[in-house]
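Everything on this sheet refers to the single structure shown next.
Coordinate-derived values only; no laboratory data. Here the structure is a predicted model, which means the values were calculated and not measured. Here the Cβ positions follow ideal geometry from the backbone for every residue, glycine too, while neighbour counts run over all protein chains shown.
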């Protein structure tokens, strides 16, 4: 051993799961069991920060052999958990390097097919939202050019995804059908697979539309906030009437009739609404949705709807309660459909490591009704710069400058955060809505997100120890379908 070895605290984090200690290797987001000797060596470095040969001999003489200690030290050196050339500090990031973005291999294009919506949900974030009579519909020429852009920029992709969004996208079904026909024709010519997805409030669903979606294997998400009293609180008609009765009726019809893919519900949690378990149980077990995902509102323009800090903490506590149920079901081979937790299990199973929080701008772009290219569906109609159009193509220089700037963690708390390669600063729109600065990380979530990831590591470890086949049965199939993740580790969904 050299004169002294220094601990790189920002590259290691350990979590206790029962009698097992798990090392979360932060640079690679990998998980390792810590046995007695490796745990003891890690504790020595955590305690002293700089460890000498004398420190090792004083601590471990008669407990572990020199060969055992040397093996652990060599492993930790290779993993950049310790080093031998000068003291560690917050800017010493062995795994950190600035990135240069030159390619934009799109896998997903989001078509904002109508700014009009037949509902007047009180918390809606859409800045270009209008009533049905004033809705601005996307034309087929724009949709066609959008698909052509996707296929051009995603030439290296074997599979692409076209997402229909709004407003209420079902209010422009003629455009959806034309776009689907064109995308299928072009992908067939190019030997590619194409998937279609839609997020809807379900009020305009008919059996004929459901059968059409079934024929084309759409991924469907329904925006629904829970039981009647909760749903009707904010999800109202333009005239102010609650919509639970019609939405639940349409949802039951959809779930009874649709067979192509699992159907998910996306829940928006607003001020006063924290009963995650009750909402999940109603949507999953009473109505029959395959998955239920939750999106807490903390940064909307109307502060009346934002969860308070105390309510947000309560939401996360309740999410952990639902996560415990996820665990108990997973241990007997069942998925309870809690999509926030299931996405985290997917991330940990895959060893997800991200320089950026999502695929927006690289794997995904959103097209508004005029044909302008937005970072994602949340930004259509906002005052944030667009990055080209379907006519002129992507402004790659400007888009690259933004993404490279956001990936640069210098001067942010992210540079040494233990979940930096899972969160990567958080959702761009959350930054915009909270701080009016798209470049600023979402600091208001940090402590809760770190705690949520620790909880997820414990759940993951228990499943891996007691029923590892769960991942092959329930996580691997999801990975094959989930070709472009667009949300942060909390998987807050897109229901707003």
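In the chain, the longest principal axis of the Cα atoms and the axis of helix 36-48 are about 90 degrees apart. Summary value for region 5-83: 37 percent relative contact order, contacts being C-alpha pairs under 8 angstrom separated by 6+ residues.
For the peptides 32-38, 322-328, the ranking by packing is 322-328, 32-38, with the highest mean count of neighbouring Cβ atoms within 10 Å listed first. Each residue of region 5-83 gets 83 Å³ once the volume of the Cα convex hull is shared out per residue.
For the chain, the longest principal axis of the alpha carbon atoms and the long axis of helix 173-190 meet at an angle near 60°.
Note on region 323-405: Cα convex hull, mean projected area over all directions, 7.7 nm². The label point for residue 398 and the one for residue 309, both projected 7 Å from the Cα toward the Cβ, are 3.8 nm apart. P(r) tail for the chain: Cα pairs beyond 35 Å make up 36% of the total. Put a dot 7 Å past the Cα of residue 178, heading toward its Cβ, do the same for residue 246, and the two dots end up 2.6 nm apart. Given R0 = 60 Å, the distance between the Cβ atoms of residue 256 and residue 436 translates into a calculated FRET efficiency of 0.85.
Rg over Rh for region 145-257 works out to 1.05, both radii taken from alpha-carbon positions and Rh defined as the Kirkwood radius. In plain terms, the chain from residue 334 to residue 352 could stretch by 4.2 nm, reckoned as 0.36 nm per residue minus the Cα-Cα distance. Decide, for region 209-330, between rounded, prolate and oblate: order the square roots of the alpha carbon gyration tensor eigenvalues as a ≥ b ≥ c, take rounded if a/c falls under 1.5, and otherwise choose prolate if a/b is larger than b/c, else oblate. Oblate shape, in that a/c is at least 1.5 and b/c is the bigger or equal ratio.
Based on C-alpha pairs under 8 angstrom that are at least 6 apart in sequence, the chain has a relative contact order of 18 percent. Relative protection proxy for 254-260, 113-119, 358-364, from highest mean packing down: 113-119, 358-364, 254-260 (other beta-carbon atoms within 10 angstrom).
With q set to 0.22, 0.30 Å⁻¹, the log10 of I(q)/I(0) for region 252-304, from the Debye formula over equal scatterers at the Cα positions, is -0.82, -1.17. Helix 396-407 and the longest principal axis of the Cα set of the chain meet at an angle near 40°.
Modelled label-to-label distance, residue 75 and residue 204, 7 Å Cα→beta-carbon offset: nm? It is 5.8 nm.
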